[in-house]
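A short worksheet on the structure shown next.
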Amino acid sequence: MLLRFSKMHGAGNDFVVLDLISQKFTPRADVMKALADRHFGVGCDQILLVESPSKPHNDFKYRIFNADGSEVEQCGNGARCFARYVRQKGLIGKDHIRVETAGGDIELFIEADGVRVDMGLPVLEPARIPFEAETKASVYTLDAAGQTLQVGAVSMGNPHLVYQVDNVDTAPVETLGPVLESHARFPNRVNAGFMQVVSRDHIRLRVYERGSGETLACGSGACAAVVSGIVQDLLDDKVTVELPGGKLIIEWAGDGHPVYQVGPAEFVFEGKTQV
C-alpha cells in the first residue's frame, strides 16, 4: 500500500509523521525500522503516529517508534511536531490539545513563538524510572566502561540518565553513550544525556537516545537534564538548553509541578511511500 507521510523536525530532531486517522495501517517493528532508514527509507530519528484517543477526555493518541523499530513512551520534540501537524492538517481547530502517550497524558499549546508542551511531572523515584538503586538521591554512582560516574536519573515518561561534563564538544558521546544506553541498572534501557552547565540559566546538552543513537535534539532529554540540574542546585527554574540542532526553553518550579518545554516545530516535506 501507499502510505502518506509528512517529514518534520524540532530543533533538528527529525520525524516521519503518519496520520492513522484518515488512513489505515498497522505498524510493525520491521516496517518502522525500514521507514526510518536514511539510505533505503524516508529517514528519521523517530516515527510519530496520530491515532484516535482511547480516553474520551483526550483529543488524540500519540505513539512513538524509534529508528530501530522499538516503540517508546515519550518524545518531547515529537510532541511539538505532533501539535503543529494536527493543527495544520485540520484534524483539530483549537490551540490547546490533550494527547495520550504510553508514558501518560500530556497537554500541548500552540503559541505565537512555538509550541509549549506540558510534559507532566518528572519522576525521581528509582523504581518508577526504572533504575536499580536502594534509595532516591540527587546523584548516583554508576560504574560503566571502566569508569565510576556520578549521574542523575529522571523519567519524563521515558528513562533518562544525566551525566555532567566539562565540555560537550569533547564528551565521549559516541563511545560512552551506547554503554550507558544498555546499562544493566536501567532494565528498559535509557537515554543518556551529557550536560555542560554554562550558567544557572543555560546548559549545553548532547543526548544518545535509546534506539536511535545521538540525535540533534532530545526534548524529553532536555527536560530531564534541567530537572536533574535543579535537584542538584546547579540551575534556576527557567533554563535555555542549547542542543546541536537548536535551543529549547525548559521550566520547572520544583516538586509537585509539571515540566514545561517551548521550542520550534517545522514541516520539511510531504510524500507517499510503499509499505
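The values are calculated or read from the model by the stated rules, or taken from the named source; none is laboratory data. Remember, it's a predicted structure, so these values are computed and weren't measured experimentally. Cβ coordinates were reconstructed from backbone atoms using ideal geometry, including for glycine residues, and neighbour counts include every protein chain displayed. For the accessible areas, the whole protein counts, side chains as well, though only heavy atoms, and no ligand, DNA or RNA atoms are used. Shrake-Rupley method; radii C 1.70, N 1.55, O 1.52, S 1.80 Å.
Of the strands (runs of 3 or more DSSP E) lying entirely inside region 64-125, the ones with 3 or more residues being open to solvent by 10 Å² or more (accessible area, probe 1.4 Å) are found at 96-101, 104-111. Applying the set (1) at pLDDT 95 or above; (2) more than 18 Å from residue 13 (Cβ to Cβ) to residue 112 leaves exactly one unmet item: (1).
Condition check for residue 161 on (1) open to solvent by less than 10 Å² (accessible area, probe 1.4 Å); (2) assigned to a helix (DSSP H, G or I): one failure, at (2). When region 126-151 is filtered for residues that are hydrophobic (A, V, I, L, M, F, W, C), out of contact with any strand residue (DSSP E or B) (no Cβ under 7 Å at 6 or more places or on another chain) and assigned to a strand (DSSP E or B), only 144 remains. Pick from region 47-63 the residues that are of a type in the set (D, E, K, R) and not in a loop (DSSP other than H, G, I, E, B): which of them is least open to solvent (accessible area, probe 1.4 Å)? Filtering first and then ranking leaves 51.
Going through region 202-233 one residue at a time, which ones are charged (D, E, K, R), farther than 20 Å from residue 71 by Cα and assigned to a strand (DSSP E or B)? Hits for region 202-233 are 204, 206. Being basic (Lys, Arg) and surrounded by fewer than 23 Cβ atoms within 10 Å (Cβ to Cβ) is the filter here, so list the residues in region 180-209 that pass it. If the condition is that a residue be basic (Lys, Arg) and surrounded by fewer than 23 Cβ atoms within 10 Å (Cβ to Cβ), then 185, 189, 200, 204 are the ones that fit.
Would you mind finding the one in 9, 39, 57 that is free of Cβ contacts under 8 Å to residues at least 24 places away in the same chain and not assigned by the TED database to the domain that holds residue 155? Matching residue, one of 9, 39, 57: 39. Among the conditions (1) within 19 Å of residue 270 (Cβ to Cβ); (2) open to solvent by 10 Å² or more (accessible area, probe 1.4 Å); (3) not in a strand (DSSP E or B), the only one that residue 44 does not satisfy is (2).
For region 234-250, give me each residue that is surrounded by fewer than 17 Cβ atoms within 10 Å (Cβ to Cβ) and assigned to a strand (DSSP E or B). Within region 234-250, 238, 240, 247 qualify.
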